[in-house]
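Chemist: My structure is below; once you've seen it, I'll send some questions.
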Amino acid sequence: MAATTVPDKTTRRHAGRAAGPRAQGGRGGTSRRLSQNIQAYGFLIGAILCFGFFSWYPMVREFIMSFQSTKRGVTTWVGFKNIKTVYHDPYFWTAWKNTGMFTLYALLLGFAVPFLVAILLNELRHAQAYLRILVYLPVMLPPVAGALLFKYFYNPEYGLFNRILKIFHLPTSQWLDSSHTALISVVVAATWMSMGSATLIYLAALQNIPGELYEAADLDGAGLWSKIWHVTIPQTKLVLSLMLLLQIVATMQEFTNVFLMAGGNGPENSTMTVVYMVYQYGYHYNNFGGAAALGLFLLLVLAGFSGLYARINRNSD
Amino acid sequence: MADFSPANRTLISSATLARPRGKVIYWTVLSVVLVVFTLVFVGPLYWMVTSGFKSVHEVLHNPPTLVPKDPHPANYKTAWTQLKLARLLWNTFYYAFGALAFQLVFDVTAAYALSKLRPVMGNVVLGAMLATLMIPSAVLIIPQYMTVLDLPLLHLNLINHPWAIWLPTVANGFNIFLLKRFFDSIPDDLMAAAAIDGAGPMRTLVSIVLPMSRPILGVVSIFAVVNVWKDFLWPMLVEPDPAKQPINIGINSLSQGVPQNVLIAALAISALPTLLIFLLFQRNIMSGLTAGSLKG
């Protein structure tokens, strides 16, 4: 405030002599607006600096790094060399296949199960609060606790899961130790750890469905399935489609659980995801250009999903 | 909690449930759900806590035992000292609440400026902040890491410094989106009235906007703490010093060197703070998280 009074006085003196009160108001308004803008940017500066350093600049740098190579401290432009290197990496398609399978399994379990659980919980007239807390408990675990606990359960020799299978006379499994089952084992554990949040979001959406719709369906003689199909799903479509996109984007970036439970690449590289490969390029091969190029591929694929989502949503409106 | 007046009826009507057959089915389903859910969601936690009490021999024994035969509470003490859990938990706490403080100060003031002070180019700044939501976080990990190694212009190396965790959390487009949308709903008349009374923008923010914004501040705070508590790859990269690691990274890097029973005891201890906080504040946390993520 103190800074604004000085120019204010000078403008008033000049203006008063030159053009009268109208100009005075105009000049005073400009300087007041200027000081308001300075003040507003004072409020913004912390966030702008953080976004600048840790978001905007890295975004630009991601593109630049993809076309650069750094050897012994000297950075040179290498054109499409990094992109070719990662594309011809023998594990490039393995990583994409694993990421795709992980996403698919995670959707089959992590998308369908929470929705069904939410429908079930919504029908129960008792113990709702208790059941919600139960479903949400694992979400509150630090990832290391959930992942290493499941690793212990999955142990083929002394683990709990093989014991349970034995009690029911079912064939036991090698779980994380076999290339056939490692990926799905990680997905099951990851779903257990995270399904609580999706369940609660679906529950909130279900509770917003107007009851009259179900009454109308009853009058039309609709059965349970046809009510789910014609009332529940259409009424929650927006939330369902948004969650589908969010889950695809999140599971395509899987790293933590495969790293904690399967050591990253898993038996015969069966759990190596794209983000784990990015990590390997950066921190094992010290090839940051290659890591950035791989990130660019991931960005394109995920942008594709987001674009598809936006398009479908626009069409259906 | 939901009360089942006819207004919020669901798939199955109360009339159907009132019939004898409906009653039988309902109570059967309810008991099955209660048993199965308790087994699925509490069972593993029970196994974690009890396995922490087992001896090395028993924890690796096949078949596994439901109740520890000869409880060893000392495992928990060993885990606490051997894995330096006090240090790891303190680090996690320090990072989480530091990140919370930075986000509350910088993101709240930024969203307030964008919503109420509306400076020139404010919409451009807002657009650029929201655009970051489109970039998946894993894609930016590598260039962000390079940035933290050598901060442009300032040439600071933030590795092993808490700033490397705190400051990037401020660059959160979702916070800006949630806060700005909430501030937009506060009537401008209220701002004008405050201005007439001689309150500057800071005074208006502190005395008028913040007290009205408690719900959204709660949501942002829960997200801020939970995100840091659950983050893995980023803290692993930027805090390589074992004395500075948060719980997730610290336990994992020491997990190979300790016996299984001690490791599981450590996992149980690491899970305790968040589980306790959740059970105490479950109502706020669950409603906050659903409200926040639904509208995202």
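Chemist: Please report the net charge: other residues with Cβ closer than 9 Å to the Cβ of B:Pro63, K and R +1, D and E -1. Before the final figure, lay out the partial values.
Modeler: On the way: positive: A:Arg163, A:Lys166; negative: none.
Charge balance in the 9 Å sphere: +2.
Chemist: If you project the alpha carbons of chain B onto their three principal axes, what span does each projection cover, largest first, in Å?
Modeler: Result for chain B: principal-axis Cα extents of 72, 66, 35 Å.
Chemist: Follow-up. Round to a whole angstrom and tell me the spacing of the C-alpha centers of the range A:199-230 and the range A:234-264.
Modeler: So the separation of the two Cα centres works out to 26 Å.
Chemist: For the range B:137-145, in order, what is each residue's ³J(HN,Hα) by Karplus, 6.51 cos²θ - 1.76 cosθ + 1.60 with θ = phi - 60°, in whole Hz (x at glycine and Pro)?
Modeler: 4, 5, 5, 8, 4, 5, x, 5, 4
Chemist: Net charge within 14 Å of A:Phe255 by Cβ-Cβ distance, Lys/Arg positive one each and Asp/Glu negative one each, not counting A:Phe255 itself? Let's see the in-between values first.
Modeler: On the way: positive: B:Lys230; negative: A:Glu254, B:Asp231.
Spelling it out: positives minus negatives among the neighbours equals -1.
Chemist: Would you pull out the residues with amide H under 5 Å of A:Gln68's amide H, same chain only if 5 or more places away, H placed 1.01 Å from N?
Modeler: A:Val78
Chemist: OK, next. Under the Karplus relation 6.51 cos²θ - 1.76 cosθ + 1.60, θ = phi - 60°, what is the ordered set of whole-Hz ³J(HN,Hα) values for the range A:217-225, x standing for Gly and Pro?
Modeler: 5, 4, 4, 7, x, 6, x, 4, 5
Chemist: When you look at the Cβ of every residue in B:238-249, what mean number of other chain Cβ atoms sits within 10 Å? Display every interim value, and only then the final one.
Modeler: On the way: counts 0, 0, 0, 0, 0, 0, 0, 0, 2, 4, 8, 1.
Mean partner-chain Cβ count within 10 Å for B:238-249: 1.
Chemist: If you add up the charges near A:Gln235, with Lys and Arg at +1 and Asp and Glu at -1, over every other residue whose beta carbon is less than 12 angstrom from its beta carbon, what do you get? Mind dumping the intermediate values first?
Modeler: Numbers: positive: A:Lys227, A:Lys237; negative: A:Glu212.
With Lys, Arg at +1 and Asp, Glu at -1, the net is +1.
Chemist: Another question about this same structure. Under the Karplus relation 6.51 cos²θ - 1.76 cosθ + 1.60, θ = phi - 60°, what is the ordered set of whole-Hz ³J(HN,Hα) values for the range B:77-94, x standing for Gly and Pro?
Modeler: So the J values, rounded to whole Hz, are 5, 4, 4, 4, 7, 5, 8, 6, 5, 4, 4, 4, 5, 4, 4, 4, 4, 4.
Chemist: Suppose R0 equals 45 Å. What FRET efficiency, 1/(1 + (r/R0)^6) with r the Cβ-Cβ distance, do A:Phe63 and B:Met202 give to the nearest 0.05? Intermediate values should be presented prior to the final figure.
Modeler: Numbers: r = 39 Å, r/R0 = 0.86.
Computed FRET efficiency for A:Phe63 and B:Met202: 0.70.
Chemist: Still on this structure, I have one more. Where the centre of each part is set by its Cα atoms, how far does the range B:89-153 sit from the range B:165-234, in angstrom?
Modeler: So the two Cα centres are separated by 13 Å.
Chemist: Would you work out the charge dipole size for the range B:6-78 about its Cα centre, treating the Cβ of every Lys and Arg as +1 and the Cβ of every Asp and Glu as -1, and quote it to the nearest 20 debye? Don't jump to the answer; show the numbers that get you there.
Modeler: Values: 7 positive and 2 negative charges, 87 e Å.
Dipole about the Cα centre, nearest 20: 420 debye.
Chemist: For the modelled label position 7 Å from the Cα of B:Arg283 along Cα-to-Cβ, which residues of the range A:123-161 have backbone nitrogen atoms closer than 14 Å?
Modeler: Backbone N within reach: A:129-130.
Every number here is computed from the coordinates shown, using simple stated rules; none is lab data. Nothing here was measured: the structure is a model prediction, and the numbers come from that model. All Cβ positions, glycine included, derive from the backbone under ideal geometry; neighbour counts span all protein chains shown.
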